[in-house]
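Just below is one structure, and these are the notes that go with it.
Bear in mind that the values in this text are calculations on the coordinates, not laboratory data. As the structure is a prediction and not an experimental result, all values here were calculated from the model. When we count neighbours, we look across all protein chains shown, and the Cβ atoms used for this are built from the backbone with ideal geometry, even at glycine.
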Amino acid sequence: MRRVVCLLRQVPFSYRLLGLVSLSFLCLRNVCVDFPIYQGSSRSLKKALLATSTHGNLARDALDRINIRALSDVSIDIVNGDRVGLIGLNGAGKTTLLKVLAGVYEPTQGRFASSGSVSSLLDIQVGLNPDATGRENIILRGMYMGIHPREMRSRATEVAEFTELGHYIDMPVRTYSAGMMIRLAFSISTCIPPDILIMDEWLTAGDAQFLEKAQRRVEDFVRGSSILVLASHSTELVERWCNRGILLHQGRVIITGPIKEVVAAYRRLIGGEAAQAAAQMAAAG
Amino acid sequence: MQPETVFDACTGQIVELTEPPTRIGLAVTDLLEGMRKSWLWTTLAQQDVKLRYRGSILGPFWQTLTTGAMIGGMGVIYSKLFRTELYDYLPMLTVGLIFWTLIAGIVTEGCGTFIAVQGIIQQVKLPFSLHVYRLVYRNLLTLAHNFVIIPIVLLMYPHPIAWLRLIELLPGLVLITITGIWVAILLGMISARFRDVPPIVASIVQVVFFVTPVMWPIQALGSNAWWAQLNPFFAAIDVLRGPLLGQSTAPYSWSILLVATALGCAASFAFFARFRSRIAFWV
């Protein structure tokens with residue numbers, strides 16, 4: 001019989017109290033994610049019902065579902081203190097993988113297990129009401145992160161300070177520029193150090209001064225045994241922020257390892273693609 | 001098959017993964033987790049109501065005024081049409097229409113349970129049931145605002161109130177709330193998958209309003225009243241209207257409502273357990 005050890009085993013309370021152990025990890029085993037792409041008639045109940053009763057051609061018509069395999073056979077272990085950079089071309093599956101890690105998508109196949117509080121910065125707009133002021137939005141977005149308004153109110157000043165938005169914090173968010181929105185969203189999402197921070201590439205749109213400040217904050221809590229997963233095109237940013245890298249290509253993990261090696265592999269991949277494209281052009285021309 | 005293993009950072013050992021929780025287990029966890037976050041959905045629902053009437057002086061009571069005007073207008077015309085006294089007709093119409101607003105609200109909005117919050121579903125991990133509770137609670141809040149009209153009408157046209165029977169309202173409301181939850185889950189999921197469902201449901205609700213004795217007295221059907229009594233929508237309104245107006249409820253109303261709730265819960269739960277993980281892909 002297979003011995004099954006409880007994965008999310010309770011750490012002794014005294015350990016937690018003393019801060020001796022904080023267990024956070026992300027673990028993927030043979031994870032596949034298939035996106036059903038519904039279009040036209042496959043979105044229609046009427047067509048689907050007709051199809052089941054008539055079969056034949058209609059069935060094929062109504063069920064014109066196309067499945068896109070966004071991730072295929074991904075196995076990754078990410079543990080305490082890892083700052084992981086996800087790199088890959090557009091459509092390589094970076095965002096899908098982030099969403100699986102954030103718990104938004106459940107894998108279609110394979111297993112996903114995680115431990116630790118997750119804060120995900122996938123979309124800047126989530127929980128932000130454009131008509132409310134920055135300060136009101138701190139409470140609002142906090143709620144979607146599972147933080148009670150009472151607690152958030154006590155942190156609001158601290159968050160407002162970190163954004164360095166000055167008087168703008170009391171202005172409606174619709175007056176904000178993209179960069180200001182990023183400042184606000186990042187400050188809110190990291191006001192309580194999460195065990196696992198998941199960020200999509202939009203962060204890179206922030207200005208250099210804020211990026212530096214953000215990096216210091218992230219480094220601070222990654223040192224306190226947390227996990228960072230960051231997806232980006234910018235090899236420069238990833239090299240600065242991360243110590244491990246994962247290269248995705250067409251939904252598969254090509255290589256994992258120290259960030260330098262992975263970035264080098266990514267450069268080779270881009271080079272290869274460019275060469276291939278050039279060869280095709282030459283053949284066509 | 002090779003055993004699935006994971007590095008345990010706590011002990012530094014390689015341990016095997018536990019069996020994944022079953023679909024039913026996950027569905028139950030989802031429903032309970034949503035309940036545990038009650039502070040979140042109550043706050044969000046209150047905010048929904050506030051935002052809907054933002055900028056108007058009356059606030060949410062704007063809704064009360066609309067319902068009141070509708071009841072006043074319909075009351076005068078239809079009591080003439082049905083040749084009944086306003087004294088009898090208006091209280092019946094008021095109570096019926098206010099509870100119908102709740103039922104119709106949950107059913108039509110229920111189609112958007114998940115579609116309406118797709119931005120959140122796609123970005124943040126929250127129990128799916130949370131969106132359901134938020135929707136049902138929001139409609140109960142609207143009911144509370146509309147409810148103000150009932151005592152006003154009952155004061156204008158005083159009927160003897162059977163105080164003891166008002167206790168019956170409680171189980172009635174509980175049953176309607178539970179029904180609201182399963183309806184919102186079921187319709188919300190079907191609508192997320194099949195986008196032609198919301199308009200279909202909207203037209204059905206409209207038809208049901210006219211065939212259900214909401215604005216016409218069931219006695220008007222004479223000896224044919226029995227088939228209207230089998231209508232579950234009537235049953236739902238009847239168990240609430242009866243005690244408020246001190247009238248007896250139709251013989252099968254409670255049993256019909258109970259059976260409908262039980263069957264609906266079973267079907268809805270089965271559907272939720274089977275397709276819960278697909279919702280994020282559907283919206």
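Per-residue packing, averaged as other Cβ atoms within 10 Å, sorts the ranges B:187-194, B:83-90 into the order B:187-194, B:83-90, beginning with the highest. Reported to the nearest whole Å, the Cα centre-to-centre distance from the stretch A:210-285 to the stretch A:60-129 is 16. Electrostatic bookkeeping for A:PRO172 treats Lys and Arg as +1 and Asp and Glu as -1; over the other residues with beta carbon under 10 Å from its beta carbon, the sum is -2. Enumerate the helices in chain B for which the Kyte-Doolittle hydropathy averages 1.0 or more and the C-alpha atoms extend at least 24 Å along the helix's axis, using complete DSSP H runs. Within chain B the helices that satisfy the rule are B:86-110, B:169-193, B:253-275. Counting, for every residue in B:116-125, the Cβ atoms of other protein chains within 10 Å of its Cβ and taking the mean gives 5. Among A:77-84, B:55-62, sorting by the average number of other beta carbon atoms lying within 10 angstrom of each residue, highest first, gives A:77-84, B:55-62. With a Förster radius of 41 Å applied to the beta-carbon distance between B:ARG54 and A:SER234, the computed FRET efficiency rounds to 0.55. When the protein assembly as shown is described by a simple charge dipole with +1 on each Lys and Arg Cβ and -1 on each Asp and Glu Cβ, the residue from B:PHE275, B:ILE121, B:LEU221 located farthest towards its positive end is B:LEU221. The alpha-carbon of A:LYS94 sits under 20 angstrom from the alpha-carbons of these aspartates and glutamates, leaving out residues fewer than 8 places away in its chain: A:ASP34, A:ASP73, A:ASP77, A:ASP82, A:GLU106, A:ASP123, A:ASP200, A:GLU201, A:GLU236, A:GLU239, A:GLU261, A:GLU273. Helical runs assigned H by DSSP (4 residues or longer) give chain B a calculated mean residue ellipticity at 222 nm of -22500 deg cm²/dmol, each run adding -39500 (n - 2.57) before division by the residue total. Tally Lys/Arg at +1 and Asp/Glu at -1 over every other residue whose Cβ is under 13 Å from the Cβ of B:LEU141; what's the total? Once all neighbours under 13 Å are counted, the net charge is +2.
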